[in-house]
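Shown next, in structure tokens, is the structure this report addresses.
The values are calculated or read from the model by the stated rules, or taken from the named source; none is laboratory data. Please read these numbers as outputs of a predicted model, since none were measured by experiment. Using ideal geometry, Cβ is built from the backbone for each residue, glycine included, and neighbour counts are taken over all protein chains shown.
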Amino acid sequence: MILSTLDWSFVIGFFIISLGIGIWSAKWGNNNADDYFNAGGKMPWWLLGVSMVATTFSTDTPNLVTDIVRRHGVSGNWTWWAFLLTGMLTVFVYARLWKKSGVVTDVEFYELRYSGKIARFLRGFRAIYLGFIFNVMIMATVSLAAIKIGGVLLGLTPVQTVLIAGTVTVIYSSLGGLKGVLITDFIQFFLSIGGAFIAAFVALQHPKVNGLTNLLAHENVVDKLDLFPSPSNPEVFIMIFLIPLLVQWWSVWYPGAEPGGGGYIAQRMFAAKNEDHSIKAVLFFNVAHYALRPWPWIIVALCSLVVFPDLDSFLVAFPHAKDIINNDLGYPAMLTFIPSGLLGIVVTSLIAAYMSTISTHLNWGASYIVNDYYKRFMRPNASQKEMLNTGRIITVILMVFTMIFALLLDNALSAFQILLQIGAGTGLIFILRWFWWRINAASELSAMISSFFVAIYFNLIHEAIGFNPLPDWLELLLGVGITTLVWITVSLVSSPTSTTVLVNFINQVNPGGPGWKRIVEKAKNEGFELTAKPEKWKIPVGILSMIAGTIGIYSFLMGTGLFIYGRHLSATILMAISVGCVFVLKKLWVKLK
């Protein structure tokens, strides 16, 4: 494709605006490391919520949704829709607790909650593993999607794509810190949403599609429209619906949907003005991410089934892209039909999606390395200015490694898949460690080790020694079961966290509940000072709010789909349920304060 001068003006203009925001933030907003990594803890909920949404819309997100729809239909999206349960639990239970903790990063939590050398080891190890190794691999996969889009839409080589987009991103990220990232994300959010709707509108106008009515009646599409997978195909029903809803959401560590909150979602919560702003930010994120955003992507994916019914049709249309032909190419392939002018907006929106994700991961990863490794273990007396400058240097280093790894990713993809599975089965410990005093640093270490070896076994050993391959869902269940059994056993037999640390944790966070009664009684008997004010345990109300919020968002998501399908009565009923859930949440919200 050839972009017109008007198209290029949108792209270049966005680059200039992003760089300007970075320079402005560096001059007026970043005086120390606290400003650089959590924006001074003074940000409003709407800016933080929009930033979360912009970050989770990475370049590869519409490609992933397209791949799912082409393979499994609309109902295949339950593999990620199920993570709404995690998100709503974070909103109504963990957002307030994270803000109370007062930490700069969620990795710092290890030494707030646990004691001894093992707690220090966990903090340092997780800082490097998540902040550098895991983070670079995530950014490399996002960059790989950008390479595909840059090759199909712009005719750029992989090196040109990562150099242009990566250089602009690292400049404004390293200069502006989190505040610069948040402001740029605000612009990127509206660009991304606008680009997605333009892409859906143009896809529906394609001569082979000829409008929404014809699309829904097309033979390539009619069997892809179900909102729920049919139990008549047990394998698919279990894999993409039952397991995600019953097990996956609480057991698997997934960036942006960590059980109990964490990662860059936690970073946004730390940057909030107060606890209420922290809760509202995560609530807005979940509403926008699950209820408002999926359908434009889904429509484009369905249209791609009409225009490009199989992989061979991609090869005919894009012979120069034969090495990257897959179902995920459906989204960028449909973008090639967008006319000049609108194409510039859509391409800019995809660049914005890439930059918002990468900039967040750069700042988030640098915060781990600087706060939880450099200052904690290398330079304990480092000044705020030194940490700020080190953060900028680390940001650049992370981007350099991302660019290199993105160009080599085809050879390292299997290793990356193993790393993604290492966290499977550890999710429950992240949920319960706030409410059960017996969980300690040894619990988390044993969970990490056991899940690692389970992942290695199923990926490298199981079939090599002659066993038949197992379904993915069964591997997940086995991994979760083994890991959970291991860490619970270790929790019960290992030395508990010191009473001093546990009492300090209660005084700081005051999580409450029956899981802390023994420590409260012990503290009173041994003369420890308990400064936390006794209050009614809010977790039951939080769980009720989670359920109401989940039902409301799912009803809105499904109702939107049914309106698109023309089933107006069913859609209206679901929308009414969604509105009812809003009134329930208003009543429960008062009790959460």
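Worth pointing out:
- Residue check, Phe241 in contact with a helix residue (DSSP H, G or I) (Cβ under 9 Å, 6 or more places away or on another chain), surrounded by fewer than 24 Cβ atoms within 10 Å (Cβ to Cβ) and farther than 22 Å from Lys42 by Cβ: yes
- Test: residue in the range 309-330 that is buried (at least 24 other Cβ atoms within 10 Å of the Cβ) and under 23 Å from Ile164 (Cα atoms): yes
- Top-ranked residue of the range 563-587 - restricted to ones that are touching a Leu at 6+ places or on another chain (Cβ under 8 Å) and surrounded by fewer than 19 Cβ atoms within 10 Å (Cβ to Cβ), ranked as nearest to Val93 (Cα to Cα): Ser570
- For the range 181-212, residues that are assigned to a helix (DSSP H, G or I), without any contact (Cβ under 8 Å) to a residue 60 or more places away in the chain and over 23 Å from the mean Cα position of the chain (by Cα) total 1.
- Test for Ala146: is it touching a Phe, Trp or Tyr at 6+ places or on another chain (Cβ under 6 Å), buried (at least 19 other Cβ atoms within 10 Å of the Cβ) and within 23 Å of Asp60 (Cβ to Cβ): yes
- Number of the exception - Lys322 against (1) within 27 Å of the chain's Cα centre (by Cα); (2) assigned to a helix (DSSP H, G or I); (3) not aromatic (Phe, Trp, Tyr): (1)
- In the range 39-66, residue nearest to Gly261 (Cα to Cα) [restricted to those that are more than 18 Å from the chain's Cα centre (by Cα), modelled with pLDDT under 90 and not hydrophobic (A, V, I, L, M, F, W, C)]: Gly41
- Only listed residue being over 30 Å from Ile573 (Cβ atoms) and in contact with a Leu (Cβ under 8 Å, 6 or more places away or on another chain), chosen from Ile553, Ile519, Ile539: Ile519
- Complete set of residues in the range 108-165 that are at pLDDT 85 or above and on the phi > 0 side of the Ramachandran plot: Gly116
- Ser51 among the small types (Gly, Ala, Ser), at negative phi and not in a helix (DSSP H, G or I): no
- Taking first residues from the range 522-551 that are over 24 Å from Phe92 (Cα atoms) and touching a residue at least 40 places away in the same chain (Cβ under 8 Å) and partners that are hydroxyl-bearing (Ser, Thr, Tyr) and surrounded by 13 or more Cβ atoms within 10 Å (Cβ to Cβ), no Cβ contact under 8 Å between residues at least 6 apart in sequence or on separate chains turns up.
- Yes/no for Thr531 being surrounded by 14 or more Cβ atoms within 10 Å (Cβ to Cβ) and either among the polar types (S, T, N, Q) or in a loop (DSSP other than H, G, I, E, B) (or both): no
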